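Right, one structure below, let's go through it.
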Amino acid sequence: MTTGTTGEPIMSARAVRKSFGPTQALDGADLDLHPGQVVAVMGPSGSGKSTLLHCMAGIILPDDGSVTYQGRELSTMDDSARSALRRNEFGFVFQFGQLVPELTCVENVALPLRLAGMGRKPAEAKATDQLARLEVDDVAEKRPGDVSGGQGQRVAVARSLVTTPKVIFADEPTGALDSLNGERVMRLLVDAAKATSASVVLVTHEPRVAAYSDYEVVVRDGKTRAAVGAA
Amino acid sequence: MSKRTSRRTSLGQWGRDLGLGIRLAVGGSRISGTSIVRLIMGTVGIGLAVAILFGAASVGNMLSAHEQRNAANIPSWQPRPGVDPLLMSTASSTIGDERISVSWIHPSGPNAPLPPGVERLPGKGEMVVSPRLAEMRAAADGEALRQRFPQREIGQIDKYQMTDAGDLLAYVGVDATIGAESSAMPVYGFGRPEMSGNETAILLTLLSIVGGIVLLVPVLIFVATSTRIAGAERDRRLSAMRLVGADARQVRRITAGESLVSSVAGLALGTGLFLVLRPLLDNVRLFDTTILARDLQPSPLLALITVVGVPLLAIGTALFGMRRVVIEPLSVVRKSKPVKRRLAWRLVVVGLGVASLLSAPVFDEGEEMWTFAVGVGATLLLIGVPALLPWLVERGAARVSGGRPSVQLAIRRLQVDSGTPARVVAGVAVVLAGGIALQTGLAAAEADDKYRPARAAQETISGQVTGAVADQVVADARAVPGVTDVRAGRYLSVKGAGEKSGTSVYVMDCAGIAQRYQTDQCVDGDAFTVVPPPGSRNYGRDLRPGEQVRVVKYARDKEEQIATWTWPQPKSTLAQPPGSRSGYFGPVATPGAVRGIPLSEVSATLEIAHDKRPGVISALQAATAKYEWRASFYDPSSYVSKDERMYTTLRNALLAGAVFTLSLAGLSLLVLALEQVRERRRAIAALFASGVPRGVLSRSLVWQLAVPMALGVVVAIATGIGLAWLFLRLVDEPVAVDWPGVGVLSGAAVILVLLSALAALPALRSATRLDALRTE
Amino acid sequence: MCTVLGMSIGHALLGLLEKEPRHGYDLKRSYDERFGKDRPLHYGQVYSTLSRLLRNGLIEELGVESGGGPDRKRYTITDAGVTDVEQWLGTPEKPDLYLQNTLYTKVVLALLSGRDAADVLDTQRAAHLRAMRELTERKRSGDLADQLICDHALFHLEADLRWLELTAARLDDLAGKVRP
Ligand SMILES: Nc1ncnc2c1ncn2[C@@H]1O[C@H](COP(=O)(O)OP(=O)(O)O)[C@@H](O)[C@H]1O
Ligand SMILES: [Mg+2]
């Protein structure tokens, strides 16, 4: 078993603090993400898991502490640089509702490629490939409203993978799914990530989902706890 | 029996469901911000509609009151026993570019009639003026007017008895010598039954129809749009209601109850608005007509139709908006494959409109059927715009399949639901089409000389003087600073032996003849004959050389011979110079040729040349005030015809209406944009989180509004110009499209799209914040 | 690890025989493949079980093939045997109560002795997750039977963790009440 403590981390968070008004959502969180590894961020609801993920992805900036990606401090980048980083290097899967309802599934998956300047035909061809890899190419021409929750999540995973990102951020990706569909999404996500040596930050409170990770970090009351058993 | 009870319970159920809807709309502690916005917008929309409809329902009363007052002001020359006639000579001239009517009056006895609105007859040196004239005379810049009318003002005419409260009117008292003046008529009383239906009324009716549609359609669309605000939230609430056992019909009744609230509130607001705005409209001049608040009485029938119809319409709209929505206990199902919009009936509406307009010439212009055909045609054509647009937008969006991501996002959105944006845009398009039609009509009217008085003689002021004072007036006029030349001419009425109508001889000195007919042969004592240019007809007749004629003048319809005269051998014939407009054809004589005729008994027309400094005419009028009715002047170049002034007013009204309706339409667009952002909060937040630049999202919002708007503008331009063409065909005018005007209106539409997108940006911005991603 | 403990071998063999008659050796192999990866059956266990089933009339011998020793016998299920399998499948298992589970004992003892509940939880979670990762790995590479068995174990482990987490949260609540 790998504990992921060897080698240089691709990404790390150190003593990250973040508060929303009176709520101290993060109160000193640390996390190292190693290349090609899956880290599970666990903890009770409201403990600050999503906030940690948002800080690491540069969606929000921490009040204090540092988040570095490949040695670069995210807080030194401006908004458009961070947007570009998210667009080009990261992929995202959320619990639900992330697909644009008007676009067909294949168009949804092609969207990041189109934004990166790829033409429509090649982008959609690549998107179709990705959908096939996630075993949902049969719903390519349907709109998100017309597919099942599990299919929709797999389309979302396809979208997060289509740009071959270095890091995939998944916030409760199976939260709205039943066990079977949840397992399926996790298996495909982790397989695809391993295939491209992408790292995954997997926020979940379900141990069975966390079991797909290489190592775990527990957040409680905004603090990460050292993985005692791993030591 | 059982049938009756079931009917009764179902009626009771109706009432309960409506009541529940009402409680949901107003009551409840959990009423959300968006529900309140929806309620307010619905109320405001319906309020505006009601106020406009009340106003429109008052137009008939306004026109008939106007007509009655007009009839009451017509003088009667029919002798009446026991009445001493009022000798009255009325002359029209101008103040600035407005027409003023001055009546010089002298009572021939103690029992002379009083003109309507006048309390006491002015004596010599006194006058009674209309309120607006009094105001202008009293104003700081009224010095010229005070000199022109030095008489003492002994009272004002009651504005409620004037044909139009805004008219400039003066009754000036003069001495008995006016009785000798040919234009002075003995008036025995005022008031005469008036024939109805003059041209202005027809045009007004047409314009009211077009204007009414142009104003109302956006309001109705606004009302319909406002029911879409917080639509998703309402749908969820209704869904919850289905879960606890309400059936589909009950849900519809509850919806109806909800819209009933804003209808009733809107009705109250509209009535309030109408009552509050009415006094503000008092004395407002529109279409050369002054509005009197007390004439703004909605016809009872139309008011009733409004009061009953508007709430029904609102409920109908709400239910119609839900026809494609199935509220299920667990979710709201929007029938995903909506029926394809059909083209046929939309084309039928437009086709009927065109046919109706084309058929109008079958009837006589101004006839009731003509008006009807034109009105119905214009209405159908304008209604065709909102009917056609949803179809066009749907087909248009279906054709486009890609483009940049921002375009793709917008187009796909339109493919899913094009109805609402198309309807909102249709409101703008109707305004545009109506505006373009009117503007094109105006451009054509302007291009036509008929509506623009001759401006060739722009350098001269015209005057009319009685013969006795003509020489003095000419002398006084020459002394006015700025006047460079004064020429007098006289028309002699002459009759051959036994001739009934006779003809006229124009008397003018050689300088004048030389200038007017570009000849250098004239010597005092000469006579000429002016031949009409080809295509024109001489309504008088030429005199035979040596023909003996009687020179006559007319006083109070009585003919009086002042001399006999022999028409000499004319020296030559003269031709009207090309391009000249003031046409006189026939015999012309120099003063030397009419010696022996007492010219002091024949009134003279003056042509006064000046150096165009401002205020020359005012100075002239002031300098000749002492001649009272004996001298009057007007400046043809400053004189604006009633038609032209009406078109100016129309253009302003059009602009105001367009601004009003466009801003309503803009508000609807904004509501739409906000609603679309709200509905997709999560997707937007997720897109932004995964690095999609805000610019792409903002641009897609703009496209979403711009695509239907572009189609709307195209349809509007086509409809507008088509409508104008059909209109102008009816009145035999060439079509002259006012492209800059069209450009301005279309530009306004584009700006509207940008503005509403801009106003929706903060909402988009807030959606890209992460709250939407939180999963609680 | 993935062995389902407490399972009746007799019923398992009966179930395997229901499809088709088999040799004893076959039976052992089938059983090991499906249920006994970690703990294969001994031949002795197989033949003692088969003779018990024969004695009870649930199976019978189908005759001996040529050159046959005891392991060349073929067995087939009787009607009574089919009924017995049906009865067995139709009878619910008694839900296991883990009250005597060592985990429970350990946690309760740790807490009673004043140790930090969260530490116990974290240590245990790490161990549980390690086990669950292995099961997950195995499940992903295995066939349907593997998946079913591993899932069974995974759900149990998850239940342990959930219980631990809830307990820890409860204790936090309690601590909050004790020390305001
Ligand atoms: N945008 C926000 N505004 C206010 N409070 C927030 C916001 N985001 C998170 N929080 C608060 O911060 C805490 C941690 O939230 P979160 O990171 O979403 O927890 P988790 O994902 O572990 O359930 C919670 O108390 C939550 O209410
Ligand atoms: Mg969360």
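The values are calculated or read from the model by the stated rules, or taken from the named source; none is laboratory data. Bear in mind that the values here come from a model prediction, so they are computed numbers and not experimental data. Cβ sites come from the backbone with ideal geometry, for glycine too, and all protein chains shown count toward neighbours. Areas reflect the complete protein model, heavy atoms only, side chains present, ligands, DNA and RNA absent. Shrake-Rupley method; radii C 1.70, N 1.55, O 1.52, S 1.80 Å.
Worth a mention:
- Summed over segment C:9-45, residues that are in a loop (DSSP other than H, G, I, E, B) and of a type in the set (Phe, Trp, Tyr) total 1.
- Of all the numbered requirements in (1) in a loop (DSSP other than H, G, I, E, B); (2) touching a Lys or Arg at 6+ places or on another chain (Cβ under 7 Å), A:Gly28 misses one, and that requirement is (1).
- Close pairs from segment A:53-65: first more than 10 Å from chain B (Cβ to nearest Cβ), partner among the hydroxyl-bearing types (Ser, Thr, Tyr) and assigned to a loop (DSSP other than H, G, I, E, B), Cβ under 9 Å, at least 6 apart: none
- Residue within segment A:55-66 that is within 14 Å of ligand 2 (Cβ to nearest atom) and open to solvent by 10 Å² or more (accessible area, probe 1.4 Å) present: yes
- Test: C:Thr123 is in a helix (DSSP H, G or I), at the interface with another protein chain (Cβ under 9 Å from one of its Cβ atoms), at pLDDT below 85 and touching a helix residue (DSSP H, G or I) at 6+ places or on another chain (Cβ under 8 Å): yes
- Matching entry among B:Val486, B:Val474 (being touching a strand residue (DSSP E or B) at 6+ places or on another chain (Cβ under 9 Å), surrounded by 14 or more Cβ atoms within 10 Å (Cβ to Cβ) and outside any strand (DSSP E or B)): B:Val474
- So B:Gly155, is it open to solvent by 20 Å² or more (accessible area, probe 1.4 Å), in contact with a strand residue (DSSP E or B) (Cβ under 6 Å, 6 or more places away or on another chain) and of a type outside the set (Lys, Arg): yes
- Verdict on A:Ser160 being over 23 Å from C:Ser141 (Cα atoms), among the polar types (S, T, N, Q) and facing another protein chain (nearest Cβ under 8 Å): yes
- Segment A:41-50, subset more than 9 Å from every other protein chain (Cβ to nearest Cβ) and not in a loop (DSSP other than H, G, I, E, B), residue farthest from ligand 2 (Cβ to nearest atom): A:Val41
- All of (1) within 14 Å of chain C (Cβ to nearest Cβ); (2) out of contact with any strand residue (DSSP E or B) (no Cβ under 7 Å at 6 or more places or on another chain); (3) within 19 Å of A:Pro112 (Cα to Cα) hold for A:Ala193 with one exception: (2).
- Within segment A:25-56, the set of residues being more than 15 Å from the chain's Cα centre (by Cα) and within 8 Å of ligand 1 (Cβ to nearest atom) comprises A:Ala25, A:Leu26, A:Gly43, A:Pro44, A:Ser45, A:Gly46, A:Ser47, A:Gly48.
- Scanning segment A:22-33 for residues that are open to solvent by 10 Å² or more (accessible area, probe 1.4 Å) and not hydroxyl-bearing (Ser, Thr, Tyr) gives A:Pro22, A:Gln24, A:Ala25, A:Asp27, A:Gly28, A:Asp30, A:Asp32.
- Hits in segment B:419-441 - residues which are open to solvent by 10 Å² or more (accessible area, probe 1.4 Å) and not basic (Lys, Arg): B:Thr420, B:Leu438, B:Gln439, B:Gly441
- Odd one out for B:Arg682 among (1) in contact with a Phe, Trp or Tyr (Cβ under 9 Å, 6 or more places away or on another chain); (2) more than 16 Å from ligand 2 (Cβ to nearest atom): (2)
- Residues within segment C:128-160 that are at the interface with chain A (Cβ under 7 Å from one of its Cβ atoms) and at pLDDT below 85, tallied: 1
- Restricted to segment A:163-231, the set of strands (runs of 3 or more DSSP E) holding at least 2 residues that are closer than 16 Å to A:Gln153 by Cα comprises A:167-171, A:199-203.
- Options A:Val157, A:Val147: the member that is among the aliphatic types (A, V, I, L, M), more than 16 Å from ligand 1 (Cβ to nearest atom) and open to solvent by less than 10 Å² (accessible area, probe 1.4 Å): A:Val157
- Some residue of segment A:95-112 being open to solvent by 10 Å² or more (accessible area, probe 1.4 Å), closer than 20 Å to A:Asp171 by Cβ and within 15 Å of ligand 1 (Cβ to nearest atom): yes
- Among the residues of segment A:164-182, the ones that are modelled with pLDDT of 90 or more and open to solvent by 30 Å² or more (accessible area, probe 1.4 Å) come to 2 in all.
- Residue in segment B:727-744 that is of a type in the set (Val, Ile, Thr), under 30 Å from B:Arg680 (Cβ atoms), free of Cβ contacts under 8 Å to residues at least 12 places away in the same chain and in a helix (DSSP H, G or I) present: no
- Screening A:Ser83 against (1) within 16 Å of ligand 2 (Cβ to nearest atom); (2) open to solvent by less than 30 Å² (accessible area, probe 1.4 Å) leaves a single unmet condition, (1).
- Verdict on A:Val38 being away from ligand 2 (no atom under 16 Å from the Cβ) and either modelled with pLDDT of 90 or more or in contact with a helix residue (DSSP H, G or I) (Cβ under 9 Å, 6 or more places away or on another chain) (or both): yes
- The set of residues from segment A:22-35 being touching a residue at least 24 places away in the same chain (Cβ under 8 Å) and away from ligand 2 (no atom under 11 Å from the Cβ) comprises A:Gln24, A:Leu26, A:Asp27, A:Gly28, A:Ala29, A:Asp30, A:Leu31, A:Asp32, A:Leu33, A:His34, A:Pro35.
- Residues that are on the phi > 0 side of the Ramachandran plot and more than 9 Å from chain B (Cβ to nearest Cβ) occur at least once in segment A:66-84.
- Scanning segment A:104-119 for residues that are within 16 Å of A:Val157 (Cβ to Cβ), facing chain B (nearest Cβ under 10 Å) and of a type in the set (A, V, I, L, M, F, W, C) returns A:Ala110, A:Leu111, A:Leu113.
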